[in-house]
1. On a full-extension model of 0.36 nm per residue, what is the gain between Val193 and Ser42, subtracting their alpha-carbon distance, rounded to one decimal in nm?
2. Between Arg138 and Thr105, what is the label-to-label distance in nm when each label sits 7 Å out along the Cα-to-Cβ direction?
3. For the range 91-131, rounded, prolate or oblate, judged on the Cα gyration tensor with a ≥ b ≥ c (square roots of eigenvalues), a/c < 1.5 rounded, else prolate if a/b > b/c?
4. Evaluate Rg over Rh across the range 36-88, taking Cα atoms for both radii and Kirkwood's formula for Rh.
5. Short version: ³J(HN,Hα) in whole Hz for each residue of the range 125-131, in order, from phi by Karplus 6.51 cos²θ - 1.76 cosθ + 1.60 (θ = phi - 60°), x for Gly and Pro, what are they?
6. Ile171's amide H: which non-local residues (gap 5+, or another chain) put their own amide H closer than 5 Å, with H modeled 1.01 Å from N in plane and none for Pro or chain starts?
7. Taking the highest mean first, how do the peptides 279-292, 195-208 order by number of other beta carbon atoms within 10 angstrom per residue?
8. Which values, in whole Å and largest first, are the semi-axes of the equivalent ellipsoid of the range 285-334 obtained as the square root of 5 times each eigenvalue of the Cα gyration tensor?
Amino acid sequence: MQYEVGPIRPPSESSCLLVRVSRNCPWNRCTFCPVYKCERFSLRSADDVVADIEVMANIAERVRGISREMGCEGEITSAVIRRLLWEPDGSAALQVATFLAQGGTSAFLQDADSLVMPPEDLVAVITTLKKRFPSIIRVTSYARSRTLERRSKEQLASLHEAGLTRIHVGIESGNDEVLRLAQKGVTAAEHIVAGIKTKAAGFELSCYVMPGLGGRALSEQHADDTAHVLREIDPHFVRLRTLAVAEGTPLGDAVDKGEFEPLDDLEVLTEIRQMIAGFEGMTGEVHSDHVLNLLGDLAGKLPDEHRAMLGTLDTFLGLDEETQKLYIIGRRLGMVNRLIDLYDSGVRQRVTQARKQLETAFDGDMEGAVHQLMNRLV
Ligand code: SF4
């Protein structure tokens with residue numbers, strides 16, 4: 001028993017059942033994005049997706065049956081999950097079991113822009129999903145601003161009514177020049193129209209922004225204009241995803257030719273500080289839940305925690321250079337997540353040791369070392 005699964009989902013949707021309604025990205029031109037570059041976009045038929053949902057529902061029934069056989073009364077415990085490792089279709093069973101073990105309440109529609117599916121087909125898919133998995137209360141998806149802008153109010157409302165609850169949009173920047181250079185295929189004004197329309201249809205809106213995307217040349221404009229777009233939309237969630245330049249992408253080529261100068265970690269944090277300082281009057285949550293972000297604890301609810309977030313950034317930017325460098329290496333090695341982690345003497349010692357080893361391996365080129373470590377995470 002198998003069903004299709006796409007390559008990615010937002011970090012915040014890790015407990016979701018993954019339902020693939022289209023393959024790859026219909027746009028696929030963003031210069032920084034390596035995810036679907038060699039893949040062709042195709043839309044799946046509603047019948048195919050519904051057939052996948054039936055397969056998932058049958059797997060869920062079988063997984064619960066295995067649990068009952070093991071005396072776990074249908075509950076998906078770690079023992080049940082270990083047992084599934086030996087099943088012939090282990091990965092599909094594991095994905096469904098992990099979703100059930102985490103409550104079975106959320107599903108994510110893949111891949112990059114599910115709202116390109118004709119709305120009536122998507123309504124049929126979501127309706128089947130909720131019928132076959134009655135425990136699901138959240139259905140979320142990525143969508144492009146351009147696609148949202150083209151959907152009528154009625155179409156968006158019908159999707160929300162069917163059960164689609166949250167939409168993740170890659171805003172990336174609110175500066176038109178940055179958007180043009182990144183070939184995002186959308187303007188700041190279109191982002192605003194799409195965001196306001198999406199919220200008005202009743203969806204929770206999660207906006208991803210990309211610190212560093214303006215490079216050195218456009219960093220300040222990128223920060224200010226992105227804050228402006230976010231203020232206009234006032235999304236429920238702002239999520240930071242720091243730029244990492246991936247080899248083999250058009251942006252990687254631009255760096256090689258000297259046409260794009262990436263920011264270093266401290267410059268990125270300075271840019272984020274400028275951006276967040278512009279979040280006056282906003283009411284949503286800010287999250288830094290991507291592994292590429294330097295500060296994993298930079299999060300808060302606006303407006304109450306606005307000052308605290310700025311304080312977190314000021315604390316880091318005010319540290320001595322040695323501690324900053326140590327933290328950067330520790331974070332890129334996955335040894336620390338929050339600044340406070342470095343104040344554990346054992347952790348600090350281990351990071352210091354790892355730094356020495358890296359210095360030797362990279363012949364003192366720590367910038368190159370950090371770049372390579374980040375590239376592993378793209
Ligand atoms: S729209 Fe999203 S998935 Fe598609 S190329 Fe751009 S960043 Fe990548």
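1. 51.7 nm
2. 0.8
3. prolate
4. 1.20
5. Whole-Hz 3J(HN,Hα) from phi for the range 125-131: 5, 5, 4, 5, 4, 6, 6.
6. The answer is Tyr208.
7. 195-208, 279-292
8. Working: eigenvalues 92, 43, 4 Å².
Each semi-axis is the square root of five times an eigenvalue, giving 21, 15, 4 Å.
The values are calculated or read from the model by the stated rules, or taken from the named source; none is laboratory data. Values in this document were obtained by computation on a predicted structure and should not be read as measured data. No Cβ is skipped: glycine too gets one built from the backbone with ideal geometry, and neighbour counts run over all protein chains shown. For accessibility, only protein heavy atoms count, side chains too; no ligands or nucleic acids. Shrake-Rupley method; radii C 1.70, N 1.55, O 1.52, S 1.80 Å.
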